[in-house]
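Inspection log for the structure reproduced underneath, given as C-alpha cells.
The values are calculated or read from the model by the stated rules, or taken from the named source; none is laboratory data. Keep in mind that this is a model prediction, so the values were computed, not measured. Heads up, the Cβs are rebuilt from the backbone with ideal geometry, glycines too, and the neighbour counts pull from every protein chain shown. Side chains are part of the model used for accessible areas, which takes the heavy atoms of the whole protein and leaves out ligands, DNA and RNA. Shrake-Rupley method; radii C 1.70, N 1.55, O 1.52, S 1.80 Å.
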Amino acid sequence: MEANAGLIAGSHQMNQLVVIPGDGVKPLNSVNSEMCQICGDEVGVSENGDLFVACNECGFPVCRPCYEYERKDGNQSCPQCKSRYKRQKGSPRVEGDEEEDDVDDLDNEFKALPQQQTTEEMLQGHMSYGRGDEENVHVVTPGLPLLTNGQEGVDPNEIPPEHHALVIPSHKRVHPMSDDFSVRSMDPTKDPSAYGYGSVAWKERLESWRHKQEKMSIMMTEGAQHFSDGKGGGDYGADGPDAPLTDESRQPLSRKIPIASSKINPYRMIIIIRLAVLGIFLRYRILNPVKNAYGLWLTSVICEIWFAFSWILDQFPKWFPINRETYLDRLSLRYERDGESQLSSVDIYVSTVDPLKEPPLVTANTVLSILAVDYPVDKVSCYVSDDGAAMLTFEALAETSEFARKWVPFCKKFSIEPRAPEMYFAQKIDYLKDKVQPTFVKDRRAMKREYEEFKVRINALVAKAHKMPEEGWTMQDGTPWPGNNTRDHPGMIQVFLGHSGGHDTDGNELPRLVYVSREKRPGFNHHKKAGAMNSLVRVSAVLTNAPFLLNLDCDHYINNSKALREAMCFMMDPLVGKRVCYVQFPQRFDGIDIHDRYANRNTVFFDINLRGLDGVQGPVYVGTGCVFRRQALYGYDPPMKNNSSKKSSCCCGPRKKSKASKTKRMDSDKKKLNRTESNVSAFSLEGIEEGLEGNNGCRKHSTYLPSSYAGYENEKSAIMSQKSFEKRFGQSSVFIASTLAENGGVPEAASPAALLKEAIHVISCGYEDKTDWGKEIGWIYGSVTEDILTGFKMHARGWRSIYCMPPRAAFKGSAPINLSDRLNQVLRWALGSVEIMLSRHCPIWYGYGGGLKFLERVAYINTIVYPLTSIPLLAYCTLPAVCLLTNKFIIPEISNFASLFFISLFISIFATGILEMRWSGVGIDEWWRNEQFWVIGGVSAHLFAVFQGLLKVLAGIDTNFTVTSKTSDDEEFGELYAFKWTTLLIPPTTLLVINMIGVVAGISDAINNGYQSWGPLFGKIFFAFWVIVHLYPFLKGLMGRQNRTPTIVVVWSVLLASIFSLLWVRIDPFLPKTKGPNLQQCGINC
C-alpha cells in the first residue's frame, strides 16, 4: 500500500471508483525462475556434480544453504508442495529423520557445511521470502474505470503512477522448476567474491555459524560417550549448561500460576458449606409459611429461590481460578534473531461512529498509541472504521498521521509509557525517573509544544464541524465530501501511512494507517457496530491479511507498549497457541472518581469472574482489548487434539492399533465433522486454491482435519467448490483466497488495482447478502452485545480463550461517571443479554455436542439470564416497606434453633466474600461498590431491559442504540455531579421514598402501641435499611453537588409512592388501636 495516495471512494454495484491523486510507486522486476526462490542465489550443484534438488516431489528450486536452514530452523518442508524435506547426503540429521528408510550417512552426520555453502544468503533469503525488494515494484495499470477529482471518462493509461492509491509490497511468485533450468556451477579457481561471498559481514556470520555447529557436535559426542559409560545423560547434550541460547527459546512462552492452596481450598470449602446452609434455609422457609401474610411470604420465598439459583450460576464458574505469566524474553529469542523478526502480523481495528460524542482527540490518542507500539513496524496495520462517514474524523486522522511522524520516534527513543500523548503529559509523576539521555528534557518540552499545537488544530476542526454548510462539506481540493449523506454514501478508503511512504522524522518506517468507511444505502440493514467490524475484517484481509486481529474502542488506548507481545506469548506458543481463538485483556479506566461511586471499574467482574473462567475454557469476549485469531473468526474449528502417542519397542517396533479402535475413532470423527452447520473445517490452502483455479483436488492433508479424514479428503474438497465458498464468504475471489491462508499474507499475484477494486467491493452494503456473515462468520448479529454472542460461538466450536493480566495494564479507556450515562450503558448490556436469551443462540439450548465445557456453559447462561433477577429484586426491595406499612412480616416467629439457620446463612455469605477478596486481591471497598450497584442497576436498567427485550422480540418494537458519550467536563469529575433526566431514575427513587416512609410509619406505630411492639419492628427496619444502604450511591447521585434533587424526580417518586401506600395502608395508621372487652371471658358484668 502506498501512503498518502489519496482517498478512494466507490460503489461496487455502480462500478464507480474515485481516486484523489497521491504519490507514485516504483517498478517491479520479474522473477528469474533459475535462481533460488527463497534467497535469490543460484541453486548450485550437489556433491556428485548434478543439479541440486531439494524437493524430490515438485522440484521447487532451493539452494543448499536455504535447504539446510529450513530443515534445521524452519518448518522442514518445501515452500511450494509442503512435503517434508528428505535428508540429502552430507546433511546433518534433524528431528524426524529417524523415520526415513534411507541409508545413514555417519561420516557426514555432524560435519559443518563447506565454506562455499554459507548461510549469509540463506538467512537473508529466508527472512525476505514472500516479500519484494523496495526497488522491485512495478506499476500495474488499473483495469477498471477510475475517476479523478470527481471527473468521469479518464483513460486509465493516462493516469500517472503516482496517482494510484493502493500499493502493497510485491511478492515473489512461486513457480515449479522449469525443464530448461541451466546449471551454473561454481569454479573453484575463481575468487569467491565473484559469486557474492567473502564480505566481512559474511565471514563473521559464517564463523559464528560454524562455531555453533562444532559446539553442538562436540556436546552431542561427549553426551553420547558419557551415557555409554553408564553415567546417564547428566548435564550434557542439548540440556547441558553450555547449551546454545536457543534452548531458552524452546521453553514455553507462558505458564499457569495456580492460586495458593492456602487461599483457594478454604474458599471452596465455604462454598460447599454455604450451599448446604442455603438448602437447609430454603427448606425451613418453604415448610414454615406465615398464615396471616401468606402473599408476602410466598413472594419472598420465590425471590429467595431465584436468588439462590442466580448465586449458583455465578459462583461455580469461579471454582478453578488461575493466574498466568508470560516470558517476553523467550518470545524474542524464538522469533527475533539476527535483527530479523518472525513475529506474526497484527491488524488493529479502531471503531468510531459520532465524532461529537466520541471526540476526535480521543480517537487520535488511541491511534497514536497504536502507531508507537513496541512491535515490528512492518507487522502492524491500523484500520480506523468511521461508521458515521464524518469528514471531521477523516481530517482529524490526516492531522494525526502527520503528528505521528514526530511522536513515534520520540516514544521509541526514550521508551516512554504510556504512548498516548494526552495521558503521558497529564501524568502527575516524576517523568525524569530512569531517564539518562541528556537531551530528554529538551526533546520532551519540544514534543509537548508540538502536541499542544496539534490539539489546537484538532479543536479548530471540531469547532468548524458544528455547523454543516448547506451545500455540504467540501474537501481541500474542492471535491464534495462523499459522506455528506451519512445514510447514503459510497465506501471510502484512505491510506494515510504505508510502508512505501510512511516515514517518521528520523527516516524510519511507520505502521500502516488506513481510514475505512463502509458503503451505506437506504433499505439495507447495516447491523451497527458488528457490521462495521465485519467490514474491517474483509478490508484488512484484502490489503494485509494479518493472522491476528486486535479490536479497540476509540477511547481505549494502548497503555502498555508491549501488549501485542504479551498476546503473542499465547497465540504463537507452539504447545497451546493453535487452539486459542482470542486473548482477552481486562478493561482498566482513567478519569474515575476515587470512590468509584457507580462501580465503573467493574473490578469484581474483571479480577474475579474472568480469572475463574480462565481456568475452565477461557474468559468471555467483552468487546474491546481482545486479540483474535483470524481463522477462528472465519468459523473454522480448532485443530484436533493429538492425544495418542506413538509407542515403540526396540524389539517389536511400533504397536499396531486394533481394527475396532480405528472404527470407533472414525465414527467419532464423523460425528465431530457433522456436528452443526457452524463447524466447517478449514482445508489445505494449496489444494483448494488449485480447485478454485480448475485444477481439481487437494494434494496435502490439512492441519485442521484429523488424520482419519485422509480417505474423505478428495470428496470434501469436491464439495467445497468455489460456489460454496462464495455462498459462505461472499463473492470475492481475493477474499476467499485470503481465508485459506492460515498464516496470513496478501495474495502474491494481485495487482494494486485489483486489490483496490476488491477493497471497495467487500465493504459494499450488499456484499453480505445470502452469506454466512453475522450468522457463523465474524461478529455475530442478533444482539446489541455482539461481543458475548461472538465469543460464545467460538467456544461452542471447541476453541478456548486466554485471560492475560500483565503487571502494567495493557489498555486503558474512559467510562461514563455520570449516573444517567452509566445506567444507559448498563441498560444496553442487559438488553443484549435478553436478546440472546430469546434467540436461537441461547446457551441454554444451543451448542450441545460441541466443544463447550459444562462450567463455561453455566457462565454463559448466567451472562444472559441475569437481567431477569431484576423482577424478584424489585419485589424483594419493596417488601420491607409493605411489611412496615401493614404491620406484617415475611418470616414467622422463630425459635432459638431456627435462628441458627439465619445466622449461619449470613456468616457463610460474609465468609464467601472475604475469602474471595483474599485470593483475588480485590479490596473491600471495590467489592461493596459492586454489591451496591448490583441493586441499583437491577431495579432500574435491568428491569427496563427485560421489558424492552420482550417488546423487541415479540412485538418487533426496536429501541435506538445510544452511543456512550466520551466527552469530559472541563472541571475534574464535573460529569459526576451533572444531572441528565432519564426514566431509569424513577424506580430506584420510588423504592427509596416508600422505604423511608415505611421506616417512619413503623417507628410511629411502635411508639403508639407500647414496648411489646418494638421487638418485631427491628427485623423489619433492618430489612428496610438494607435496601436504603444499597441505594445510597444512587441517592447521592440524585442530590448532586448542591444537595438538591431535581423537581421532576421528586414529583414522580412522591406520586408513585403515595399511590402505592394508599393501596396498603389504612386511613388511620397512626391512631391507637382500642378494642372492647372480651365478653366470652369476662361475662356480661365485666
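Figures for the structure shown
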quantity: Of all residues making up segment 440-449, the number that are open to solvent by 60 Å² or more (accessible area, probe 1.4 Å) and more than 33 Å from the chain's Cα centre (by Cα); calculated: 3
quantity: Odd one out for SER895, checked against (1) in contact with a helix residue (DSSP H, G or I) (Cβ under 7 Å, 6 or more places away or on another chain); (2) open to solvent by 50 Å² or more (accessible area, probe 1.4 Å); calculated: (1)
quantity: Segment 336-393: number of residues that are crowded, with 23+ Cβ neighbours inside 10 Å and free of Cβ contacts under 8 Å to residues at least 40 places away in the same chain; calculated: 0
quantity: Where ALA396 falls short, out of the listed (1) surrounded by 13 or more Cβ atoms within 10 Å (Cβ to Cβ); (2) small (Gly, Ala, Ser); (3) modelled with pLDDT under 90; calculated: (3)
quantity: Out of LYS757, LYS793, sole residue that is crowded, with 20+ Cβ neighbours inside 10 Å and modelled with pLDDT of 90 or more; calculated: LYS793
quantity: Count of segment 574-592 residues which are assigned to a loop (DSSP other than H, G, I, E, B) and open to solvent by 10 Å² or more (accessible area, probe 1.4 Å); calculated: 7
quantity: So ASN525, is it free of Cβ contacts under 8 Å to residues at least 12 places away in the same chain and either open to solvent by 10 Å² or more (accessible area, probe 1.4 Å) or more than 30 Å from PRO639 (Cα to Cα) (or both); calculated: yes
quantity: Only listed residue being in contact with a Leu (Cβ under 7 Å, 6 or more places away or on another chain) and either surrounded by 18 or more Cβ atoms within 10 Å (Cβ to Cβ) or aromatic (Phe, Trp, Tyr) (or both), chosen from ARG324, ARG330; calculated: ARG330
quantity: Pick from segment 616-643, criterion of a type in the set (A, V, I, L, M, F, W, C) and assigned to a loop (DSSP other than H, G, I, E, B), ranking: most open to solvent (accessible area, probe 1.4 Å); calculated: MET640
quantity: Test result for SER401, outside any helix (DSSP H, G or I), within 28 Å of ALA541 (Cα to Cα) and open to solvent by less than 60 Å² (accessible area, probe 1.4 Å); calculated: no
quantity: Long-range neighbours under 7 Å by Cβ, at least six apart or interchain, first residue over 14 Å from ARG611 (Cα atoms) within segment 254-272, second open to solvent by 20 Å² or more (accessible area, probe 1.4 Å) and β-branched (Val, Ile, Thr); calculated: SER254/THR326
quantity: Total residues in segment 450-509, condition surrounded by 12 or more Cβ atoms within 10 Å (Cβ to Cβ), over 32 Å from the mean Cα position of the chain (by Cα) and among the hydroxyl-bearing types (Ser, Thr, Tyr); calculated: 2
quantity: Single match in GLY577, GLY591 (criterion: in contact with a Ser or Thr (Cβ under 9 Å, 6 or more places away or on another chain) and among the small types (Gly, Ala, Ser)); calculated: GLY591
quantity: Test: residue in segment 853-862 that is of a type in the set (Lys, Arg) and surrounded by 21 or more Cβ atoms within 10 Å (Cβ to Cβ); calculated: yes
quantity: Residue within segment 292-301 that is within 17 Å of ARG857 (Cβ to Cβ) and open to solvent by less than 50 Å² (accessible area, probe 1.4 Å) present; calculated: no
quantity: Spans of strands (runs of 3 or more DSSP E) in segment 288-391 with at least 1 residues touching a Phe, Trp or Tyr at 6+ places or on another chain (Cβ under 8 Å) and among the small types (Gly, Ala, Ser); calculated: 380-386
quantity: LEU915 being loosely packed, with under 14 Cβ neighbours inside 10 Å, of a type outside the set (S, T, N, Q) and within 35 Å of the chain's Cα centre (by Cα); calculated: no
quantity: Lone qualifier among GLU893, GLU931 - being closer than 20 Å to LEU610 by Cβ and not basic (Lys, Arg); calculated: GLU931
quantity: Of all residues making up segment 433-483, the number that are of a type outside the set (Asp, Glu), assigned to a helix (DSSP H, G or I) and under 22 Å from VAL362 (Cβ atoms); calculated: 15
quantity: Residues (closer than 22 Å to GLN631 by Cβ and among the polar types (S, T, N, Q)) located in segment 327-350; calculated: SER341, GLN342, SER344, SER345
quantity: Test: residue in segment 563-581 that is touching a helix residue (DSSP H, G or I) at 6+ places or on another chain (Cβ under 9 Å), modelled with pLDDT under 95 and farther than 30 Å from PRO252 by Cα; calculated: no
quantity: Selected residue [touching a helix residue (DSSP H, G or I) at 6+ places or on another chain (Cβ under 7 Å) and modelled with pLDDT under 85] from GLN476, GLN437; calculated: GLN437
quantity: Qualifying positions in segment 918-928 - in a helix (DSSP H, G or I) and within 27 Å of the chain's Cα centre (by Cα); calculated: TRP919, SER920, GLU926, TRP927
quantity: Hits in segment 832-852 (condition: open to solvent by 10 Å² or more (accessible area, probe 1.4 Å) and of a type in the set (A, V, I, L, M, F, W, C)); calculated: MET837, LEU838, ILE844, TRP845, LEU852
quantity: Test: residue in segment 947-956 that is in contact (Cβ under 8 Å) with a residue 12 or more places away in the chain, touching a Phe, Trp or Tyr at 6+ places or on another chain (Cβ under 9 Å) and surrounded by 15 or more Cβ atoms within 10 Å (Cβ to Cβ); calculated: no
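Conditions (1) on the phi < 0 side of the Ramachandran plot; (2) at pLDDT 80 or above, marked per residue:
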position: ARG87; (1), (2): yes, yes
position: GLY90; (1), (2): no, no
position: GLU95; (1), (2): yes, no
position: GLU98; (1), (2): yes, no
position: ASP101; (1), (2): yes, no
position: MET122; (1), (2): yes, no
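Conditions (1) closer than 25 Å to VAL380 by Cβ; (2) of a type outside the set (Lys, Arg); (3) in a loop (DSSP other than H, G, I, E, B), marked per residue:
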position: ALA737; (1), (2), (3): yes, yes, no
position: GLU742; (1), (2), (3): yes, yes, yes
position: ALA754; (1), (2), (3): yes, yes, no
position: GLU758; (1), (2), (3): yes, yes, no
position: SER783; (1), (2), (3): no, yes, yes
position: ILE788; (1), (2), (3): no, yes, no
